[in-house]
1. Taking the condition of being closer than 22 Å to residue 288 by Cα and of a type in the set (A, V, I, L, M, F, W, C), how many residues in the range 105-138 meet it?
2. Given the criteria more than 29 Å from residue 399 (Cα to Cα) and either without any contact (Cβ under 8 Å) to a residue 40 or more places away in the chain or hydrophobic (A, V, I, L, M, F, W, C) (or both), does residue 315 qualify?
3. Tell me, please, whether a residue that is at pLDDT below 80, open to solvent by less than 50 Å² (accessible area, probe 1.4 Å) and closer than 30 Å to residue 124 by Cβ can be found in the range 366-385.
4. Out of the residues in the range 273-317 meeting the condition of being at pLDDT 85 or above and assigned to a loop (DSSP other than H, G, I, E, B), tell me which one is surrounded by the most Cβ atoms within 10 Å (Cβ to Cβ).
5. Condition (residue is at pLDDT 85 or above, more than 19 Å from residue 189 (Cβ to Cβ) and crowded, with 20+ Cβ neighbours inside 10 Å) applied to the range 125-132: is it met by at least one residue?
6. Inspect all residues belonging to the range 166-180 and state whether any of them is at pLDDT 85 or above and either hydrophobic (A, V, I, L, M, F, W, C) or farther than 20 Å from residue 98 by Cβ (or both).
7. Could you list, in sequence order, all residues of the range 144-163 that are at pLDDT below 90 and either among the hydroxyl-bearing types (Ser, Thr, Tyr) or more than 19 Å from residue 129 (Cβ to Cβ) (or both)?
8. For the range 336-351, how many residues are touching a residue at least 60 places away in the same chain (Cβ under 8 Å), surrounded by fewer than 20 Cβ atoms within 10 Å (Cβ to Cβ) and of a type outside the set (A, V, I, L, M)?
Amino acid sequence: MSATTRSEPSSGIQSIHRIGVVCGLAAGVWLGAAEAPTKLVNSGLSPYAISLCMVAGVFTARWTIPTLLKGTRQVVADLSEHRHLIPVAILAGMLWAVANTLTVFAIRDVGLAIAFPLWNTNSLIGILWGRLLFGELKGASRRNVAKVVLGALAIVFAAIMLGFSTIHGHATHVDRAAGGILAAIGASLLWGTMYIPYRKAYISGMNPLSFVTVFTVGELGTMLALALSLDGPGLHQLIHSSWASAIFWLFLGGFVWVIGDIFQQFATKFLGIGRGIPLSNTNQMWGLAWGALVFGELAHADTPHRLLVVCGSIVMILGALSVSTAVATEKEHFSMRQALVRECARYDLDYDRVIKASSGALPTVDATGRAWWDYLILACALSVFVWLGFHARVPALSMNLKWVAVLTVVLVLSAVGSVWALWRATRFS
């Protein structure tokens, strides 16, 4: 089978690229907002307990959103068609769970300002894996390579600037700093590597909504194993304290994170690892917006720190523009299709069907209609949030409600725009 005999119209390439960019930028908005609910949680909880609660919210969302958009029959049919990718998705979930726990340790030991930029270097790791394994940027023009690499570097550099803008005379414990830095670097390595299963699934034609449903099995199972084996006292503390109040905000943070991650999944599918991850890593700019505008984290910042915010935001925007304008050429697409041909040969897949599914031109499964249990899943998820919300308490923390409203509108608009673009062009395929 030869990839040279098939090509995609340039208009189709441009359209898919635009959808991927929209999803990548929306992912940044939602992933940045996911940090906001966790600020309302009692900091006395152990890192394992915090991570487990967030993953529980993630688990709930990862089953609810695919059920809402596609229905479980389509998800199950897609998984049956791509049974060989189920272990890959579970492995990706396991990597995510360990990385997420490492970030909690990193934040505890060196603070979010230092930890966040360190683990956001996962975009550079993703570019490397995309080039080595999936032919991304192979055959690309020097201009496009420069746009992607320099854009990703600019986003990482901007993340460092934004991170240090939140430090105001806070001294990190030296004896814990090394461990926190190592934890952040470990999270970066795991998250950068986690995108290998993502890309492997999508060049095989698997739907992102199906992938995340299985992904969460490895995610929750690994996190539960870590918590039970390494932090029994922490779980005991969570259950026998004001646990209902804490769990609601962590569930909410996990739910918001999943919406961002689903957009990130579609960005990775349509743009590849090297372009999709840097765009979603603009989340730090939005996380800082929530921290500064809603929680007043920069209220007492001096002029140099405020200048770091302005310069960091400008550099990040320029980096995102650089990556988003690097449209893959036909020559680069040929290199990526060679990776797709290898997957089809390895797993005996139909090339024509897979190439259409991987570009969103063909639904990956034919099952239609909703089952009665779809509504049960949605009702159970809603009941969990209503019950936890009823028991939740908002801590005595100063918040600017006007900015909460503004940023919430931005969240909604970004989601509506991305969902509309995905539905119009691909029907979420």
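The values are calculated or read from the model by the stated rules, or taken from the named source; none is laboratory data. Just so we're clear, the structure is a prediction, and the values are computed from it rather than from any experiment. Cβ sites come from the backbone with ideal geometry, for glycine too, and all protein chains shown count toward neighbours. Only protein heavy atoms, including side chains, enter the accessible area calculation; ligands, DNA and RNA are left aside. Shrake-Rupley method; radii C 1.70, N 1.55, O 1.52, S 1.80 Å.
1. Of all residues in the range 105-138, those closer than 22 Å to residue 288 by Cα come to 105-124.
Among the residues that remain, those that are also of a type in the set (A, V, I, L, M, F, W, C) are: 105-107, 110, 112-116, 118-119, 124.
So the answer is 12.
2. Numbers: more than 29 Å from residue 399 (Cα to Cα): no; either without any contact (Cβ under 8 Å) to a residue 40 or more places away in the chain or hydrophobic (A, V, I, L, M, F, W, C) (or both): yes.
Taking the combined requirement at face value, the residue does not satisfy it.
3. The answer is no, given that none of the residues of the range 366-385 is at pLDDT below 80, open to solvent by less than 50 Å² (accessible area, probe 1.4 Å) and closer than 30 Å to residue 124 by Cβ.
4. The selected residue is 281.
5. Applying the first criterion (at pLDDT 85 or above) to the range 125-132 yields 125-132.
Next cut, more than 19 Å from residue 189 (Cβ to Cβ) only: none.
Looking through the range 125-132, none of the residues is at pLDDT 85 or above, more than 19 Å from residue 189 (Cβ to Cβ) and crowded, with 20+ Cβ neighbours inside 10 Å.
6. Keep residues of the range 166-180 that are at pLDDT 85 or above, which gives none.
Scanning the range 166-180, I find no residue that is at pLDDT 85 or above and either hydrophobic (A, V, I, L, M, F, W, C) or farther than 20 Å from residue 98 by Cβ (or both), so the answer is no.
7. Once the filter is applied, which keeps residues that are at pLDDT below 90 and either among the hydroxyl-bearing types (Ser, Thr, Tyr) or more than 19 Å from residue 129 (Cβ to Cβ) (or both), the range 144-163 yields 157, 158, 159, 160, 161, 162, 163.
8. 3
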